[in-house]
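J.: Dumping the structure here so I can ask a few things about it.
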Amino acid sequence: MKKLIIFMLSGMMILGWSGCMNQNEYKNTVQGMTDYVNQATAHSAERVLGELELKYGCSFEIKKVGGRIDTHSVTFYVSPKDNPGVVFKAVIDTLTQKVKDNCMERMIAVGFEKSLEGALEKRGVRGTAQASFAHKDDSAEDDILISQKEYFEKYQVDETLVYLALDAATTGESAAEELIDACRETGNSLNLLVAVNGVVLSDKYADCAKDMKGDPNVSATWFDAYSPSCHYHFAVTDGNSNVSEQELSKILAGD
């Protein structure tokens, strides 16, 4: 890694001197730096896939590089080959070669997301969710077939934060009631507090929904690129919402 840093610093110095180089020399220097970084990234990718396959006993594929090589790490977005709907982060420390991942959290979270989306759909509301949990450290968990119930008990999961995008075309006058009811149903079935941070989208809903499934880093500001018509927040605990249906209905309507 030290060699890489020295190489890149040298490249920066060379770029500063580019005025003294001819065009071909400059292009060759830049290409050489790019090739070196690409080779290092490919080596890290092989290491990550090998570690994940050894840990979980199945095959994975890298969807994209989330962060190019810096002084300490490379981030990859990875999916199990037999379950491409699950996208998680794997980060390799380029000094120690240790790999950290959030595969198990995303595996369990995707199951919850599908349940909530299904509960919305049967009420006539189209939504796309991304969930995360407050839980004990699960980094040693290697049973990729662990059930939701077992996982929640083992890692003391009792609440979830859900980023939820709704399709404006399906949010009618009763949308607030349907939304709270869907969260109540899903939360009660798993004994979870469900905290929702969501948006309503019009013409960009389809793009947002697709991108949410490929990016495990959704946040409140992440939605800004899709021009939401409104933002809403509420939480359901023991079947009760901290925001009334009337209040939420006004928010969803843009009032």
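The values are calculated or read from the model by the stated rules, or taken from the named source; none is laboratory data. Just so we're clear, the structure is a prediction, and the values are computed from it rather than from any experiment. Cβ: placed from backbone, ideal geometry, glycine included. Neighbour counts: every protein chain shown.
J.: Collect the residues in segment 66-81 that are surrounded by fewer than 17 Cβ atoms within 10 Å (Cβ to Cβ), modelled with pLDDT under 95 and over 17 Å from Gln97 (Cβ atoms), keeping them in residue-number order.
T.: Passing the criteria: only Arg68.
Rundown of residues vs (1) under 13 Å from the mean Cα position of the chain (by Cα); (2) touching a residue at least 12 places away in the same chain (Cβ under 8 Å); (3) closer than 17 Å to Gly214 by Cβ, yes/no style:
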| site | (1), (2), (3) |
| --- | --- |
| Ser59 | no, yes, no |
| Lys64 | yes, yes, yes |
| His72 | no, yes, no |
| Pro80 | no, yes, yes |
| Gly85 | yes, yes, yes |
| Val99 | no, yes, no |
| Phe112 | no, yes, no |
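J.: Do we find that Gly198 is on the phi < 0 side of the Ramachandran plot, in contact with a His (Cβ under 9 Å, 6 or more places away or on another chain) and not hydrophobic (A, V, I, L, M, F, W, C) in this structure?
T.: On the way: on the phi < 0 side of the Ramachandran plot: yes; in contact with a His (Cβ under 9 Å, 6 or more places away or on another chain): yes; not hydrophobic (A, V, I, L, M, F, W, C): yes.
Yes; evaluated as a whole, the condition is true for this residue.
J.: Here is a follow-up. Which one of these is under 25 Å from the mean Cα position of the chain (by Cα), among the charged types (D, E, K, R) and over 13 Å from Ala195 (Cβ atoms): Asp224, Asp238? Can you show your working first?
T.: Working: Asp238 fails: under 25 Å from the mean Cα position of the chain (by Cα).
Testing whether each residue is under 25 Å from the mean Cα position of the chain (by Cα), among the charged types (D, E, K, R) and over 13 Å from Ala195 (Cβ atoms) leaves just Asp224.
J.: Looking at segment 87-101, is at least one residue of a type outside the set (S, T, N, Q), in contact with a strand residue (DSSP E or B) (Cβ under 6 Å, 6 or more places away or on another chain), assigned to a loop (DSSP other than H, G, I, E, B) and crowded, with 17+ Cβ neighbours inside 10 Å?
T.: Yes; the residues of segment 87-101 include at least one that is of a type outside the set (S, T, N, Q), in contact with a strand residue (DSSP E or B) (Cβ under 6 Å, 6 or more places away or on another chain), assigned to a loop (DSSP other than H, G, I, E, B) and crowded, with 17+ Cβ neighbours inside 10 Å.
J.: Same structure, new question: Suppose we filter segment 165-182 for residues that are in contact (Cβ under 8 Å) with a residue 24 or more places away in the chain and closer than 12 Å to Glu245 by Cβ; how many remain?
T.: The number of residues fulfilling the criteria is 8.
J.: Here is a follow-up. Within segment 155-166, is there a residue that is modelled with pLDDT under 95, crowded, with 18+ Cβ neighbours inside 10 Å and under 15 Å from the mean Cα position of the chain (by Cα)?
T.: Among the residues of segment 155-166, not one is modelled with pLDDT under 95, crowded, with 18+ Cβ neighbours inside 10 Å and under 15 Å from the mean Cα position of the chain (by Cα), which makes the answer no.
J.: Any residue that is of a type in the set (Asp, Glu), assigned to a loop (DSSP other than H, G, I, E, B) and closer than 30 Å to Thr75 by Cα - is there at least one of those in segment 160-176?
T.: Quick first cut of segment 160-176, residues of a type in the set (Asp, Glu) only: 167, 173.
Cutting the leftovers down to assigned to a loop (DSSP other than H, G, I, E, B) gives us 173.
From what is left, the residues that are closer than 30 Å to Thr75 by Cα are none.
For segment 160-176, residues of a type in the set (Asp, Glu), assigned to a loop (DSSP other than H, G, I, E, B) and closer than 30 Å to Thr75 by Cα: absent.
J.: Still on this model: Give the residues of segment 177-207 that are in a helix (DSSP H, G or I), over 20 Å from the mean Cα position of the chain (by Cα) and surrounded by fewer than 16 Cβ atoms within 10 Å (Cβ to Cβ), sorted by residue number.
T.: Glu177, Asn188, Ser189
J.: Residues in segment 202-218: is at least one of a type outside the set (Gly, Ala, Ser) and on the phi > 0 side of the Ramachandran plot?
T.: no
J.: Kindly indicate which of Ala109, Ala182, Ala131, Ala119 is modelled with pLDDT of 95 or more and in contact with a Lys or Arg (Cβ under 7 Å, 6 or more places away or on another chain).
T.: Ala182
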